[in-house]
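The values are calculated or read from the model by the stated rules, or taken from the named source; none is laboratory data. Computed from a prediction, not measured in an experiment: that's the story for all the values here. Ideal geometry is used to build each Cβ from the backbone, glycine not excepted, and the neighbour counts take in all protein chains shown. The protein model used for the area step is the full one, side chains on, heavy atoms only, and it has no ligands, DNA or RNA in it. Shrake-Rupley method; radii C 1.70, N 1.55, O 1.52, S 1.80 Å.
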Amino acid sequence: MSRPAPSPIFTLRGAGAPLNTLHFSCHGGDTPLLFSGSGKGAIHMWNLNTRRAETVAEGHSGNSVVWVNTLQGTDTLISQGRDMRVCLWDLSEGRRAVLDSLWTGSVGFCQCSLLEMSTGTHLLAFAGQQTEEIKIVELPSKTPVCTLVPDAKLGMIMCIKLWQPDSGPGPLLLAGYEDGSLLLWDVTQRAQLSQTKAHPEPVMCLTFDPQCLRGVSGSSEKDLCSWRLDGQNNLQLQDSVTLVNPGVSQLCVRGDGKLLASAGWDHRVRIFGWKKLRPLAVLQYHTDLVLSVAFSDHQDPRQRLLAAGSKDQRISLWSIFNEGADTG
């Protein structure tokens, strides 16, 4: 590696279970927050100033929490559990009450995807009760928008990403399937736009950068696969990066489009330059599978953090390449 690997600036302990999902909320108010969802059904709200859990919420009957997010501009938290429910929480004025919930019927591990619309509403995409179906609803009304089912048998839906293109009418959705395929959907037309076979194994995770129309996906094997959308919304495979050890749980691109982080089954977090997928660092701290990675949304670039959650029940926080680094 071209640089010595850094150490975590601090760690968060006390979740008492594997950390499946992480979500930062650092752009509003005085208190930067990190939300985590655990394998025992608890959602911790970590105060990054005090480095302690400010609130612990439990609303999935002890079932594993696989995804958390917040509705921008509100005090609403949204969580997804293995109890086949998505819960909306009111966190205003110190509350931690479930406002509403939505039954998904899905027994898989596919994380939801949330998209804020210009109208102030949100679209929520999630795996449905049938193996290959993706359902999309509008929040907070829970109004059904559409159900997307591929023409061919591709196996279970594994990961999804909703996004709004700069040009064109409606949202698009990227989906990874059990047979290693990637599909691009037009949500408005309920139509399949493009398909490619990215991996020989199930697509475990994907991330997409709408600014450069480029994404990357990971699987249980050693290769990260890079792909892009051309002007006609066709998925085109690009380079691949071969890792030292197989298995990637999650991928995340930093908001400025400079860094990519991967959560490895080999207990490591790897950092790449997003432009050329050049390896920059291997972060070694955890003693079990790294399950989740997330970049913070601090407005000041110098404060940006990377968080990693592991099966070892710890969260590590890192400050890496925040100023002037060549991260090509």
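A few points about this structure:
- G16 passes every criterion in (1) touching a strand residue (DSSP E or B) at 6+ places or on another chain (Cβ under 6 Å); (2) in contact (Cβ under 8 Å) with a residue 24 or more places away in the chain; (3) closer than 22 Å to A263 by Cβ; (4) not β-branched (V, I, T) apart from (1).
- Sole residue being open to solvent by 40 Å² or more (accessible area, probe 1.4 Å) and assigned by the TED database to the domain that holds G176, chosen from P150, P140: P140
- Single residue of R270, R228, R302 found to be free of Cβ contacts under 8 Å to residues at least 40 places away in the same chain, assigned by the TED database to the domain that holds C26 and more than 21 Å from I43 (Cβ to Cβ): R302
- Residue list for segment 241-252, restricted to those being on the phi < 0 side of the Ramachandran plot and crowded, with 16+ Cβ neighbours inside 10 Å: V241, L243, P246, V248, S249, Q250, L251, C252
- Strands (runs of 3 or more DSSP E) fully within segment 213-286 counting 1 or more residues that are in contact with a Cys (Cβ under 9 Å, 6 or more places away or on another chain): 214-218, 223-229, 235-242, 248-253, 259-264
- All positions within segment 119-137 that are within 30 Å of S220 (Cβ to Cβ) and surrounded by 15 or more Cβ atoms within 10 Å (Cβ to Cβ): L123, L124, A125, F126, A127, G128, T131, E132, E133, I134, K135, I136
- Every test in (1) modelled with pLDDT under 95; (2) closer than 20 Å to L154 by Cα is passed by D230 save one, and that test is (2).
- Residue within segment 284-295 that is without any contact (Cβ under 8 Å) to a residue 40 or more places away in the chain, crowded, with 17+ Cβ neighbours inside 10 Å and on the phi < 0 side of the Ramachandran plot present: yes
- Applying the condition of being modelled with pLDDT of 95 or more and of a type in the set (S, T, N, Q) to segment 297-328 and asking which residue is farthest from the chain's Cα centre (by Cα) yields Q313.
- One residue from I43, I78 being within 18 Å of P18 (Cβ to Cβ), open to solvent by less than 10 Å² (accessible area, probe 1.4 Å) and of a type outside the set (S, T, N, Q): I43
- Residues that are in contact (Cβ under 8 Å) with a residue 24 or more places away in the chain and surrounded by fewer than 16 Cβ atoms within 10 Å (Cβ to Cβ), drawn from segment 173-209: R190, T196
- Among strands (runs of 3 or more DSSP E) entirely within segment 108-176, having at least 2 residues that are more than 20 Å from Q195 (Cβ to Cβ) singles out 113-116, 122-127, 134-139, 143-148.
- Filter result for S92 (in contact (Cβ under 8 Å) with a residue 40 or more places away in the chain, hydroxyl-bearing (S, T, Y) and either open to solvent by less than 30 Å² (accessible area, probe 1.4 Å) or touching a Ser or Thr at 6+ places or on another chain (Cβ under 7 Å) (or both)): no
- Qualifying residue in segment 70-77 (condition: at pLDDT 90 or above, out of contact with any Phe, Trp or Tyr (no Cβ under 8 Å at 6 or more places or on another chain) and assigned by the TED database to the domain that holds L291): no
- Checked against (1) at pLDDT 95 or above; (2) open to solvent by 30 Å² or more (accessible area, probe 1.4 Å); (3) over 17 Å from the mean Cα position of the chain (by Cα), K275 passes all but condition (1).
- Meets criteria (over 21 Å from G215 (Cβ atoms), of a type in the set (G, A, S) and open to solvent by 10 Å² or more (accessible area, probe 1.4 Å)) for S310: no
- Only one of the numbered conditions (1) modelled with pLDDT under 95; (2) over 15 Å from F24 (Cα atoms) is not met by G81, and that is (1).
- Of all residues in segment 48-64, those that are at positive phi have Cβ atoms under 6 Å from Cβ atoms of residues that are part of a loop (DSSP other than H, G, I, E, B), 6 or more apart or on another chain, in S61/D83; G62/G41.
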